[in-house]
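A quick write-up on the structure given underneath.
The values are calculated or read from the model by the stated rules, or taken from the named source; none is laboratory data. This is a predicted model, so every value here is computed, not measured. Note: ideal-geometry Cβ built from the backbone for every residue, glycine included; neighbour counts use all protein chains shown. Only protein heavy atoms, including side chains, enter the accessible area calculation; ligands, DNA and RNA are left aside. Shrake-Rupley method; radii C 1.70, N 1.55, O 1.52, S 1.80 Å.
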Amino acid sequence: MKIGGVFYCQIRFKPSYSIPISGRKIIMKTNRRHFMKAGMAMSTALLADSALAQDTTLIPSRGPGEMIDSSVTYADRSPFVKDAKMRGSANGLSGGGFTPLQHSRGMVTPSGLHFEVHHSGVPEIDPSEHKLLIHGLVDDEKIFTMEDLLRFPSVSHFHFLECAGNGMGEWMGPRGKTVQQTHGLTSCSEWTGVPLKVLLNELGVRGDPKWLLAEGDDGARMTRSIPIWKAMDDAFLAYAQNGEFLRPEQGFPLRLIVPGFEGNMNVKWIRRLEVGDKPWWTHHENTEYADPRPKDEIRAFSFYMEARSVITSPSGGMKLNGPGFYEISGLGWSGAGTVSKVEISTDDGKTWQGASLQGPVLPKCHTRFTHPWRWDGKETTILSRCTDDTGYTQPTYDEMYKLQGPIGMMHNNAIQKWHVAQDGEITNVR
Ligand SMILES: Nc1nc2c(c(=O)[nH]1)N[C@H]1C(S)=C(S)[C@@H](COP(=O)(O)O)O[C@H]1N2
Ligand SMILES: [Mo]
């Protein structure tokens, strides 16, 4: 038997089995149900015999590993893990990097692979000098230091963050080669910080407060109007991401998290909040992030990133190694709520089957889905579509064009198709 390999037939219904390790025998107690399970998984013969290692000798023990280097203060990845790269897509002040979703597992994005969108580069901010002003329709205007903010009651939540321009290049046709290029402007982190409602209640709001202006401390002075109901619902000022302080690229030392709303409203390096009774109609609200509608209309505020999903494996640029079993795996998310189902088609949308959702399934959060698939070696197209708990289902490109017109740019949440050629090559198709 191969340790760490696949269970072989002879262990199927034994009440216990033994693995000889360095001359000793370790008896693993187990029960019949366990083996029924193992037997069931095995009976589907997931991998062809040739794909399993046939050498049944034991793996020899190793000597000591590398010396521990005490000068290392932040651990690196294995030198064998080279492919998952975030940047390499843009240089300069504007732009940033795309998350390599084709290498993603589970629902969390490692902080160092979180996508980045900057409108004027990444400012270097000393947290001991950073200040946040809250003013406008409040009883008490106040300036907070980071030290002040760290003393407030905090929350931690997993949320995806998606740029409204994610998939912008795909409007005119299938352009991106990989899922990193087509969908890489979405990532998911655990964010920790202070709820806005805690701060606003602390200051006391007055008059008829309806909107909140958030302003960033970067060269772009990113400024957005946030509806006050959202501020009082679940928006928060985050100072930490995945268990440590924010990355500079994610807005160190302080950023706004507006769960489920378009990335642009999640103002980084935040320095000012103003409570008001109308929106401010800032540059980014009037131009880039406004959606065209048929009949020469423009929708000014598209808050929600609507339900969307994509198969991350197999995906564009990958190649299947012959017919047989493959796990289809991908991500679904919705800014309006929780993913309630993801359906998969492996026959170009003719028939659909429900995928399994890997827990935890959280609101406004990436949700990993998986689906077992046996490829028969014939040319086909695989796709996924997501439905959220509001009942909304991800549209096809045709449906989305009807709503936004073919000249849209933002909020592309259409169904993604991956073509599987006879030689196993996966490509982006419409
Ligand atoms: N101050 C400031 N905040 C900003 C931006 C910016 O350029 N400056 N970019 C916005 C855009 S367009 C997006 S999509 C998100 C990206 O967040 P990330 O870089 O942490 O992924 O931040 C938003 N907040
Ligand atoms: Mo964005």
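Yes/no per residue for (1) open to solvent by 10 Å² or more (accessible area, probe 1.4 Å); (2) within 23 Å of the chain's Cα centre (by Cα); (3) of a type in the set (Phe, Trp, Tyr); (4) farther than 19 Å from HIS183 by Cβ:
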{"position": "THR312", "(1), (2), (3), (4)": "no, yes, no, no"}
{"position": "ASP348", "(1), (2), (3), (4)": "yes, no, no, yes"}
{"position": "SER384", "(1), (2), (3), (4)": "no, yes, no, no"}
{"position": "MET409", "(1), (2), (3), (4)": "yes, yes, no, no"}
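Scanning the stretch 226-265 for residues that are within 16 Å of ligand 2 (Cβ to nearest atom) and among the polar types (S, T, N, Q) turns up GLN250, ASN264.
The conditions are (1) closer than 14 Å to MET107 by Cα; (2) touching a residue at least 24 places away in the same chain (Cβ under 8 Å), and GLY359 fails exactly one of them. Which is it? Of (1) closer than 14 Å to MET107 by Cα; (2) touching a residue at least 24 places away in the same chain (Cβ under 8 Å), only one is false for GLY359: (2). Scanning the stretch 145-155 turns up at least one residue that is farther than 30 Å from LYS210 by Cβ, more than 28 Å from the chain's Cα centre (by Cα) and without any contact (Cβ under 8 Å) to a residue 60 or more places away in the chain.
Applying the condition of being of a type in the set (Lys, Arg) and closer than 17 Å to LEU196 by Cβ to the stretch 260-301 and asking which residue is nearest to ligand 1 (Cβ to nearest atom) yields LYS268.
The listed residues are GLY335, GLY322, and the only one of them that is open to solvent by 10 Å² or more (accessible area, probe 1.4 Å) and either within 30 Å of PRO209 (Cα to Cα) or outside any strand (DSSP E or B) (or both) turns out to be GLY322. The set of residues in the stretch 240-264 that are of a type in the set (Phe, Trp, Tyr) and either crowded, with 22+ Cβ neighbours inside 10 Å or within 16 Å of GLU116 (Cα to Cα) (or both) comprises PHE252, PHE261. In the stretch 155-169, the residue that is least open to solvent (accessible area, probe 1.4 Å) out of those that are within 16 Å of ligand 1 (Cβ to nearest atom) and farther than 17 Å from LEU101 by Cβ is ALA164.
Considering the stretch 82-119 alone, what residues qualify as being among the aliphatic types (A, V, I, L, M), assigned to a loop (DSSP other than H, G, I, E, B), in contact (Cβ under 8 Å) with a residue 12 or more places away in the chain and within 19 Å of GLY165 (Cα to Cα)? Passing the criteria: MET86, LEU93. Restricting the stretch 206-218 to residues that are within 15 Å of ligand 1 (Cβ to nearest atom) and either among the small types (Gly, Ala, Ser) or part of a helix (DSSP H, G or I) (or both) leaves a set whose member that is surrounded by the fewest Cβ atoms within 10 Å (Cβ to Cβ) is GLY216.
Only residues that are open to solvent by 40 Å² or more (accessible area, probe 1.4 Å) and either out of contact with any helix residue (DSSP H, G or I) (no Cβ under 6 Å at 6 or more places or on another chain) or away from ligand 2 (no atom under 16 Å from the Cβ) (or both) were counted across the stretch 121-154, and they come to 19.
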